[in-house]
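The values are calculated or read from the model by the stated rules, or taken from the named source; none is laboratory data. As the structure is a prediction and not an experimental result, all values here were calculated from the model. In this analysis, Cβ positions are derived from the backbone assuming ideal geometry, glycine residues included, and neighbour counts consider all displayed protein chains.
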Amino acid sequence: MRMIKREIRIVGFDDAPFTPRSEGKVPVIGVVFRGGNFLDGVLRTDVTIDCMDATHTLIELINKSRHKKQLRAIMLKGITIGGFNMVDISQLYEKTGLPVIVVNRRMPDLGDIRIALQNFDDFEDRWNCVKKAGKIHKMKIEKDKNIYFQFKGLKKEEVKTIIRLSCTRSLIPEPLRVAHLIASAIVKGESGGRA
């Protein structure tokens, strides 16, 4: 297991809220954090709601960012951005060279996800993103509070260490919590809701 520095630079992404059944683009915010303590930068892009452009868009944004050389991990709040715009975390890892950690507040219901994805003509491609994300692991954050995670490019214990280092103010890692706050403020005029 490699040594994880306390100030490991992580970029966490979350999408802005949007109205169900809407079309078009949705803003996606990336927040660069050193561990869970220092905000180093903010990235912004857009993805198409319910399309399949999220993986390519994130790869391009990260690879062109001036922060890229210092980044050591990518964090996502789930493997969907902009509705059912699926992120292929294997491809994201391979094309950026950065490990990927997916964090969920609740255990994803894969059965419900599969049913929802069957509404798309490219169901197989979308379902493959779910399968490629791998096993969902459970991690205790507080006495009776858990989060769930998936990953590529790291060992399980390394992922747990990074999550612990970055969960400084809530049950959700700071890069994801702050990305959520900024993304919701862009659309609503002020931040709100739980990450």
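Just for the stretch 147-175: of the residues that are farther than 20 Å from Lys135 by Cβ and among the hydrophobic types (A, V, I, L, M, F, W, C), which one is nearest to the chain's Cα centre (by Cα)?
Ile172
Under 7 Å between Cβ atoms, which residue pairs at least 6 apart in sequence (or on different chains) link something in the stretch 126-144 that is among the aromatic types (Phe, Trp, Tyr) with a partner that is surrounded by 13 or more Cβ atoms within 10 Å (Cβ to Cβ)?
Matching pairs, first to second residue: Trp127/Arg114; Trp127/Leu117.
Restricting attention to the stretch 170-187, does a residue exist that is over 18 Å from Tyr93 (Cβ atoms), surrounded by fewer than 18 Cβ atoms within 10 Å (Cβ to Cβ) and charged (D, E, K, R)?
For the stretch 170-187, residues over 18 Å from Tyr93 (Cβ atoms), surrounded by fewer than 18 Cβ atoms within 10 Å (Cβ to Cβ) and charged (D, E, K, R): absent.
Results for (1) at pLDDT below 95; (2) touching a Gly at 6+ places or on another chain (Cβ under 7 Å); (3) assigned to a loop (DSSP other than H, G, I, E, B), shown as yes or no for each residue.
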{"residue": "Ser22", "(1), (2), (3)": "yes, no, yes"}
{"residue": "Val31", "(1), (2), (3)": "no, yes, no"}
{"residue": "Leu43", "(1), (2), (3)": "no, yes, no"}
{"residue": "Val47", "(1), (2), (3)": "no, yes, no"}
{"residue": "Met52", "(1), (2), (3)": "no, no, yes"}
{"residue": "Thr57", "(1), (2), (3)": "no, no, no"}
{"residue": "Ile62", "(1), (2), (3)": "no, no, no"}
{"residue": "Arg66", "(1), (2), (3)": "no, no, yes"}
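Inside the stretch 1-48, can you point out the residues that are over 16 Å from the mean Cα position of the chain (by Cα) and either of a type in the set (Ser, Thr, Tyr) or over 17 Å from Met75 (Cα atoms) (or both)?
Met1, Arg2, Met3, Phe18, Thr19, Pro20, Arg21, Ser22, Glu23, Gly24, Lys25, Thr48
Could you tell me how many of the residues in the stretch 1-14 are of a type outside the set (Val, Ile, Thr) and modelled with pLDDT under 95? Spell out the reasoning first.
Pass one, the stretch 1-14, residues of a type outside the set (Val, Ile, Thr): 1-3, 5-7, 9, 12-14.
From what's left, modelled with pLDDT under 95: 1-3, 5-7.
Here the count works out to 6.
I want to confirm something. Restricting to the stretch 38-57 and keeping residues that are in contact with a Leu (Cβ under 9 Å, 6 or more places away or on another chain) and under 19 Å from Leu181 (Cα atoms), which single residue is surrounded by the most Cβ atoms within 10 Å (Cβ to Cβ)?
Ranking the candidates gives Val47 first.
On the basis of being buried (at least 20 other Cβ atoms within 10 Å of the Cβ), farther than 27 Å from Thr161 by Cβ and touching a residue at least 24 places away in the same chain (Cβ under 8 Å), does Ile29 make the cut? Write out each step before concluding.
Values: buried (at least 20 other Cβ atoms within 10 Å of the Cβ): yes; farther than 27 Å from Thr161 by Cβ: no; touching a residue at least 24 places away in the same chain (Cβ under 8 Å): yes.
No; evaluated as a whole, the condition is false for this residue.
Of the conditions (1) under 16 Å from Met86 (Cα atoms); (2) acidic (Asp, Glu); (3) not in a strand (DSSP E or B), Asp14 fails just one. Which one is it?
Among (1) under 16 Å from Met86 (Cα atoms); (2) acidic (Asp, Glu); (3) not in a strand (DSSP E or B), the lone unmet condition for Asp14 is (3).
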